[in-house]
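Participant: For reference, the structure I am asking about is given below.
The values are calculated or read from the model by the stated rules, or taken from the named source; none is laboratory data. All figures in this text were calculated on a predicted structure; none of them were measured in a lab. Heads up, the Cβs are rebuilt from the backbone with ideal geometry, glycines too, and the neighbour counts pull from every protein chain shown. The area values use the complete protein model at the heavy-atom level, side chains included, leaving out ligands, DNA and RNA. Shrake-Rupley method; radii C 1.70, N 1.55, O 1.52, S 1.80 Å.
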Amino acid sequence: MLKKNKYKPIYRTHKDSIDKDFYVPCFSESIKLNRAAGYFSLHSLVLSIDGIIRFIRKGGIINLICSPDLSQVDAELIDASISLDKDHITKSLLECIIGKELTDEELLQLDIVCNMLTEGKLVIKIAYQPLGIFHEKFGIFIDEKNNKVYFNGSLNETKRAFVHNQESIRVNYSWQSEFTSSFIESELRYFDSLWNNKEESVVVIDFPEAVEKELLSFYKRSDTLESAIDNYISTHITKGKKTLYSYQEEAIRQFCDNGYQHFYEMATGTGKTFTSVKTIQVLENACEENLFVVICVPQVDLQMQWARALNDEGYNKVYLFGGNGKAFDQTIAEATIDYYSGERNVICVAVFDTFFTKVYHRINRITSLFIIVDEAHNLTKSNLSALVELNPKYKLGLSATIQRFNESESEAIAKFFTPGDTFYYGIEDAINNNFLSKYEYHPIFVHLNEDENEKFLFKSKLLAQELNKEDPDPEIIDKLRRERSLILKQAANKLVKLKELTEESYNFVNSVVYCGQGKDNEGESIIDSVTRILYEKGLVVSQFTSHTQDRKKVLYEFEHSFFDTLVAIKCFDEGVDVPKLDKIYIMASDSALRQTVQRRGRVLRKCKESGKTIAYIYDMVVLPAIEAGTFGCEGLLKIELSRAREYNRLALNKEENEFVFCDIENKYHITIDNITDYETEPN
């Protein structure tokens, strides 16, 4: 809603960016713009295109009255409805509305604007005065709650006015005062009178059909408005040449000193992928033989991220196995022919499933094999056995933290990749050295209901019985822990608390809400319930799950503020880079240390464009049911307070939270010594 934005009383070109500071935020929160402008060019709209895309997605419509620079003869011809396809009239209007030279970027943006015209999202009318010029310059943004922002001043709707001229606008809003609200309503009535050609001194007519036809024939490239937006988005995944930081150079140096094998344990947001691509380049330069490089990733999203990172560093030919790759037999044949021909190094990115079922059998005779495993903590025992059997000459493991529930499994993974210690660059290092943002941690306490509390205690009792057996069954233990963990993730009061947060001062703009799988008490999926609650509070929301069709597009739209909030399930934890994100709300969480590192790294990434200096983590921490008292609460508090303390460990507001945690421990008669092991549940 428009009330979310802060407005200056006056904006001036060369001091303010009127399009970025005023237009884009207003478009982003509106569903209608009524605009009267003395002169108009479509350039003025393309300057605000990111806000306009969000505006379109909300069903927004622009009503524009303008006065292109027509001669008196042109005006009389229009007034007399004489044929408008005469060359000089069409040319006059087109030159005013378009201008003469357009860049490729502007053509993509103009395609969106032209499709807005054809789909009725932009309606233009022409105003003129026989003895003068129509020179009104005001506008009214309106949101879905009928809040209004009014502006007027010297600014015309032209690129020159926005970029080059010395112009200004004054701004008022309907909730400012009763007088202001009444004034804006009178201006809205005046606009409606102009629009309907009821003002005696001005003639207002529909946009000339011949000019629109000419405009569309030259600049409308897409069949629909949505496809025009998709084309614009698909060409705007930004690329930029990066250089190594000192800690990344140290990681590569250790890789070389270790005989070209190592494990990079680097916090999310510290550039594991980029460091690894540079590691490939260093190994290429050190080796006289051709390399066959296979990067193994657990998800298709990561496969595409790696492909882009490799492309950015000059690897134009990357073979993809599984996920977005072509037929396997054709791809493996092309890759091996390339390798044995000796013309160049071969680079492949394989999804885990495809690699361990198909690829590794076909590359076991390659001598100069370099295996990189991203998110290596996901390796199973059978995966690790296959890698040991493959015995690659060069190897590199990657993870934000290698820690698994079973410590011996963590050690086995690390040992396969490196004979010594892993290269460690943790989240605390990244924050202290200013590579990641500082953050505040805000625990939000939620109680189980009585029924959930009883179920949790029952599962805890069964778990204790199994653990105390002479020969406990690991599968039963994992199953009981997962079932117990699910009770906490799906606690009904979390949705109640979310509603309360939306009614209080909590800000959900530019945030990700992590929620659990499963259904609520009404039978609706939890992610849909969360989405609905946020939507009902006026937020524009999208979802990010394993079923999301085009995740790349969703992330781009989120990064460019086409919607407010992303509601995600666990798949958002790995392989996602959204630097602009500055808030996360955690409604469901594993108790794994790895997940706290991933989620913090996700929200702590630096962002020059937004000027982000601090991030915020809001975490729903579950407490026993109020009716249950303090009986049998140790297991629950161990799970929840361990996670909370880990998030709090590096927070700016650590001390004030620690007082709260101590109060909880005192209330439930739990001592700090009772809460030591962080990872208490399986992933």
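Participant: Strictly over 28 Å apart at the Cα level, which of 145/489; 6/654; 272/580 would you flag in this model? Walk me through the intermediate numbers first.
Facilitator: Working: 145/489 34 Å; 6/654 30 Å; 272/580 19 Å.
From the list (145/489; 6/654; 272/580), the Cα-Cα distance tops 28 Å for 145/489; 6/654.
Participant: Would you mind counting up the charge near residue 616? Only other residues with Cβ under 10 Å from its Cβ, with Lys and Arg at +1 and Asp and Glu at -1.
Facilitator: Value of the local net charge: -1.
Participant: What is the percent carbon and sulfur in the accessible area of segment 247-342, measuring with a 1.4 Å probe over the protein chains and ignoring ligands?
Facilitator: 45
Participant: Using a 1.4 angstrom probe on heavy atoms only, work out the carbon and sulfur share of the accessible area of segment 436-587 in %.
Facilitator: Of the solvent-accessible surface of segment 436-587, carbon and sulfur hold 47 percent.
Participant: Straight-line reach from residue 242: which aspartates and glutamates have a Cα under 15 Å away, not including same-chain ones fewer than 8 places off?
Facilitator: Counting by Cα, and skipping residues close in sequence, residue 242 has these aspartates and glutamates nearby: 312, 313.
Participant: Using a/c under 1.5 as the rounded threshold, could you call segment 359-460 rounded, prolate or oblate? The axes a ≥ b ≥ c are square roots of the C-alpha gyration tensor eigenvalues, and prolate needs a/b larger than b/c, oblate otherwise.
Facilitator: Here segment 359-460 falls in the oblate category.
Participant: Follow-up question, since we're still on this one. Beyond 29 Å between alpha-carbons counts as too far, so tell me which of 479/667; 497/612; 553/583; 20/213; 15/58 fall in that bin.
Facilitator: From the list (479/667; 497/612; 553/583; 20/213; 15/58), the Cα-Cα distance tops 29 Å for 479/667; 20/213; 15/58.
Participant: Treating the Cα atoms of segment 215-365 as identical point scatterers in vacuum, please give the log10 of the normalised Debye intensity I(q)/I(0) at q = 0.11, 0.17 Å⁻¹, two decimals.
Facilitator: Listed by q, the Debye log ratios stand at -0.54, -1.08.
Participant: Tell me which trypsin sites (Lys or Arg not before Pro) from segment 434-523 have a DSSP coil assignment and no more than 16 other beta carbons within 10 Å of their own. Don't skip to the answer; put the middle values down first.
Facilitator: Details: sites: 438, 455, 459, 461, 469, 479, 481, 482, 484, 489, 494, 497, 499, 519; in loops: 469.
Sites meeting the loop and neighbour criteria: 469.
Participant: Sticking with this structure for a sec: From the backbone phi of segment 255-268, what are the Karplus-calculated ³J(HN,Hα) couplings (6.51 cos²θ - 1.76 cosθ + 1.60, θ = phi - 60°) in whole Hz, Gly and Pro given as x?
Facilitator: Going residue by residue, I get 4, 5, 5, 7, x, 6, 8, 5, 10, 8, 9, 10, 4, 3 Hz, with x marking Gly and Pro.
Participant: Another one. Show me the GluC sites (Glu not before Pro) within segment 407-508 that DSSP assigns to loop and that have at most 16 other Cβ atoms within 10 Å of their Cβ.
Facilitator: 470, 504
Participant: Then there is this: In nm, what is the difference between 0.36 nm times the number of residues separating residue 466 and residue 344 and their Cα-Cα distance?
Facilitator: 38.3 nm
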